[in-house]
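What follows is a short report on a single structure.
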Amino acid sequence: MEKEEFLTLLNRYISGDTNREESKKLLRFYESFQTSDEWDESLGSKEEIQNKMLQRIQDAIKSEETKVIPLKPFYTRKSFKVVAAASVAMLISISLLFNRGNKTKDTIPVAANKNILIGTDKATLTLEDGSVIELEKGKAYSKGNVSSNGEKLIYNSKDGKTAAIANNFLTIPRGGQFFVQLADSTKVWLNSESQLKYPVAFTDGETRQVELLYGEAYFEVSPSTKHKGSKFKVKTQEQNVEVIGTEFNIKAYKDETTIYTTLVKGKVAVSNSGSKAILAPDEQSRISSSNGSIAVAEVDVYNEISWRKGLFVFKGMPLKDIARVLSRWYDTDIVFADPALGNVKFNGVLNKNQNLEDILTTIKNINFINAYEKKDNKIIIK
């Protein structure tokens, strides 16, 4: 986007004269600066632009809000949901962009309020013999057919059959994430507070099975055509997912009562002891621990897998659920002084590489919460 076009579009946005596509275009332009270290001053004062856009968003919110909790806005009109989602996403992206301008190159994640750290690549590898290896940036590891540079774990394929194939466990703590490439070249991205059990090698022609013991993982499965037709299966406590060759996401946290399986492309069969469902791309299965039934619905895949791209995308999500997601990434407990506040719904796009304090301040500035307080390693939202 040229400077003149940007300024014209910005002025129209501030005056409330842009449609959804134009707002998205403006947002993408701002996001293009996320890899830059300085704001282009020829575009104008970043503080002045930020303040004008903040005022525009607050005006839009005030004109359409319906209060379901005293002093807490909640949006119910269908037409406004689109505008509010785009506006809040715009505000947060701009806030994160301007905050980035104050950082220097190659800075390591710093603490919000001194001791709440941004999540990073880290994991614990447990070998068959019980040995435990800490994986984190700056630490290299290599043994047998596995190696790590501290940011990812790679297993090389083994030729021929192995009499007894060992299993490894990869555990991601709160405040962490990690990538592993299995011996069949299947790629797995693991989110915070997750654990994966898997064999160190596979035998072509035999079913390849791994187990997501808990947490969330994104799978890019090596197709069966490369392994003499062997299928790929992912087991969780409540379900089995059978794969031919595909990409999908499974969320099965211990503190949540539903298991979510989202298909990006390909085809999978989701089953448990009593039901079975076949998923098509852009569909999500949901299995409730209360009754075990499988429900299938179409979803926005981008929202479901945005965590792998370094983003949190919240679409009409209650603050209590958002707090749970943030707690895992920042390894801190977030609670509500008034439990009813946790039911307030929020639309927004957050960058995972920002301090928690920046995110909470942004949410506070658009009047979703009144205040927040840090006490020990806990955040209290008021």
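Here are the numbers:
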| quantity | calculated |
| --- | --- |
| Pairs where the first residue, in region 209-220, is not assigned by TED's automatic domain parsing to the domain that holds Val325 and the second is assigned to a strand (DSSP E or B) and among the hydroxyl-bearing types (Ser, Thr, Tyr), C-beta under 8 Å, 6+ apart | Val210/Tyr198; Glu211/Tyr198; Leu212/Ser194; Tyr214/Ser194; Gly215/Ser194; Glu216/Ser194; Ala217/Ser194 |
| Residues that are part of a loop (DSSP other than H, G, I, E, B) and of a type in the set (Val, Ile, Thr), drawn from region 192-231 | Val200, Thr203, Thr207, Val221 |
| Filter pass, Tyr253 being more than 25 Å from Asn145 (Cα to Cα), under 16 Å from the mean Cα position of the chain (by Cα) and surrounded by fewer than 18 Cβ atoms within 10 Å (Cβ to Cβ) | no |
| Condition check for Asp338: of a type in the set (Asp, Glu) and under 18 Å from the mean Cα position of the chain (by Cα) | no |
| Condition met for Ala337 (in the same structural domain as Tyr218 (by TED's automatic domain parsing) and modelled with pLDDT of 90 or more) | no |
| Test: residue in region 278-290 that is of a type outside the set (Lys, Arg), without any contact (Cβ under 8 Å) to a residue 24 or more places away in the chain and on the phi > 0 side of the Ramachandran plot | yes |
| Output for region 347-373, where each listed residue is of a type outside the set (Val, Ile, Thr) and under 20 Å from Ser192 (Cβ atoms) | Gly348, Leu350, Asn351, Lys352, Asn353, Gln354, Asn355, Leu356, Glu357, Asp358, Leu360 |
| Total residues in region 247-257, condition among the β-branched types (Val, Ile, Thr) and modelled with pLDDT under 95 | 1 |
| Which listed residue, of Asn167, Asn145, Asn149, Asn191, is over 25 Å from the mean Cα position of the chain (by Cα), under 25 Å from Arg308 (Cβ atoms) and polar (S, T, N, Q) | Asn167 |
| Cβ-Cβ under 9 Å pairs, at least 6 apart or on other chains, region 122-136 side within 16 Å of Ile165 (Cα to Cα), far side polar (S, T, N, Q) and surrounded by 15 or more Cβ atoms within 10 Å (Cβ to Cβ) | Thr126/Asn168; Thr126/Thr171; Leu127/Asn168; Glu128/Asn168 |
| Enumeration of residues in region 174-191 that are part of a loop (DSSP other than H, G, I, E, B) and touching an Asp or Glu at 6+ places or on another chain (Cβ under 8 Å) | Arg174, Gly175, Thr186, Asn191 |
| Residues that are touching a helix residue (DSSP H, G or I) at 6+ places or on another chain (Cβ under 7 Å), without any contact (Cβ under 8 Å) to a residue 40 or more places away in the chain and of a type outside the set (A, V, I, L, M, F, W, C), drawn from region 239-267 | Gly245 |
| Residue ID - surrounded by the fewest Cβ atoms within 10 Å (Cβ to Cβ), chosen from residues in region 313-358 that are among the β-branched types (Val, Ile, Thr) and touching a residue at least 40 places away in the same chain (Cβ under 8 Å) | Val335 |
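Each row is one residue, and each column tells you yes or no for (1) in contact with a Cys (Cβ under 6 Å, 6 or more places away or on another chain); (2) closer than 28 Å to Lys352 by Cβ; (3) at pLDDT 65 or above.
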position	(1), (2), (3)
Glu4	no, no, yes
Ser15	no, no, yes
Arg20	no, yes, yes
Ser23	no, yes, yes
Leu26	no, yes, yes
Ser32	no, yes, no
Asp37	no, yes, no
Asp40	no, yes, yes
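The values are calculated or read from the model by the stated rules, or taken from the named source; none is laboratory data. Keep in mind the model is a prediction, meaning the values are calculated, not measured. Positions of Cβ are generated from backbone atoms using ideal geometry, with glycine treated the same way; all protein chains shown enter the neighbour counts.
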